[in-house]
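Below: one structure, written as structure tokens.
Computed from the coordinates by the stated procedures, all read-outs in this text should not be read as laboratory data. Since the structure is predicted, the reported quantities are computational estimates derived from the model, not experimental observations. Ideal geometry is used to build each Cβ from the backbone, glycine not excepted, and the neighbour counts take in all protein chains shown.
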Amino acid sequence: MPKYNLGNILFLDIETVSGVKHYSELSDKMTSLWDIKAKQIYRNKEMPTLEETYTDNAGFYAEFGRIVCISVGLLLWSEEDQVHHIRLKSFSSKDENQLLLDFKELLIANPRFNKICGHNIKEFDIPFICRRMMLNYIELPAILDVNDKKPWETGMLDTMLLWRFGSYKSSSSLSLLTALFEIPTPKDDIDGSEVGRVFWEEDDLERISIYCEKDVAATAQLLLKFERLPLVQPEHIYSAYQKSN
């Protein structure tokens, strides 16, 4: 039997970009603050132009970036097939406020989700979502309000931390673990470093969402491997892409 109630887990991944397209579009105050941040990022390294530092790095920081896609997934048991299926859905929009409201509505409407699972979500995805919700004046839903909670009370299931087994010496990427566990992943036409370009130059939210959903499916498959359960076959992975206005 699996350790977790798999049907109550919401698998999650986000894609982020810089807050504005170009460094030159920042306000005077934010320009000076980014200059400080860039020096911290490139400490003891050769620093490129400030425009390049912003383009390449701003999306990693909730204070300088924003969310353009949140993809989620569910593991559903099929009594008919006697196998798990994966159901995927993405919220993507140029309007971050609406995207976050749609995601919050999903959480509130489905109280059975008592765990959120992702790869490195404790360090990146969840803090990023919470900070952007605060900056958009959106009250955090209970499952995301992790302040003043003990680690085991937060409902966060991080596959990267599960693989560490308490070690803090190294981190393993999702790509590495899917290769180690022989989890088939479709070859992507983009990678994480290209999301900003696809958003700002190609205006292709659907392409970003498809990329994001692949990571969600891979995380669900990885948890199945951790639980020594069979993988979900490609024909049992479904997407319900949703683009917000």
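Across region 206-212, computed HN-Hα scalar couplings (Karplus, 6.51 cos²θ - 1.76 cosθ + 1.60, θ = phi - 60°) run 5, 4, 5, 5, 4, 4, 5 Hz from first to last residue, x flagging Gly and Pro. Over all directions, average the projected area of the Cα convex hull of region 1-59 and note it in nm². Average of the hull's projected areas for region 1-59 equals 7.0 nm². With a Cα cut-off of under 27 Å and a minimum spacing of 8 residues unless on different chains, the lysine pairs in region 159-245 number 6. Rounding to the nearest 10 and keeping the result within 0 to 90°, find how far the Cα-based axis of helix 126-135 lies from the longest principal axis of the chain. That helix lies at roughly 50 degrees to the long axis.
Quick one: Karplus J couplings for region 159-165, per residue in order, coefficients 6.51, -1.76, 1.60, θ = phi - 60°, nearest Hz, x for Gly and Pro? Whole-Hz 3J(HN,Hα) from phi for region 159-165: 5, 5, 6, 4, 6, 5, 6. With neighbour counts taken as other beta-carbon atoms within 10 Å, the residues Phe124, Phe103 rank, fewest first, as Phe124, Phe103.
If the reach is capped at under 22 angstrom between alpha carbons, list the lysines near Lys150, excluding any in the same chain fewer than eight residues apart. Correct list for Lys150: Lys3, Lys115, Lys122.
From least to most packed, judged by other beta carbons within 10 angstrom and beginning with the fewest, Glu194, Glu80 follow the order Glu80, Glu194. For region 90-123 versus region 170-208, the spacing of their alpha-carbon centroids is 19 Å. Relative to the longest principal axis of the Cα atoms of the chain, the long axis of helix 28-41 makes an angle of roughly 60 degrees.
Treating the Cα atoms of region 152-225 as identical point scatterers in vacuum, please give the log10 of the normalised Debye intensity I(q)/I(0) at q = 0.13, 0.21, 0.24, 0.28 Å⁻¹, two decimals. At q = 0.13, 0.21, 0.24, 0.28 Å⁻¹ the computed log10 ratios are -0.49, -0.99, -1.10, -1.26.
For the chain, state the semi-axes of the equivalent ellipsoid (square roots of 5 times the eigenvalues of the alpha-carbon gyration tensor), sorted largest first and rounded to whole angstrom. Can you show the working numbers first?
Numbers: eigenvalues 192, 76, 72 Å².
For the chain, the ellipsoid semi-axes come out as 31, 20, 19 Å.
Enter the mean projected area of the convex hull around the alpha-carbon atoms of region 108-245, in nm², rounded to one decimal. The partial results should precede the final answer.
Details: hull surface 42.2 nm².
For the Cα atoms of region 108-245, the hull's average projected area reads 10.6 nm².
May I ask you to list the lysines whose Cα is less than 18 Å away from that of Lys37, ignoring any residue fewer than eight positions away on the same chain? Straight-line reach from Lys37, under 18 Å: Lys21, Lys29, Lys45.
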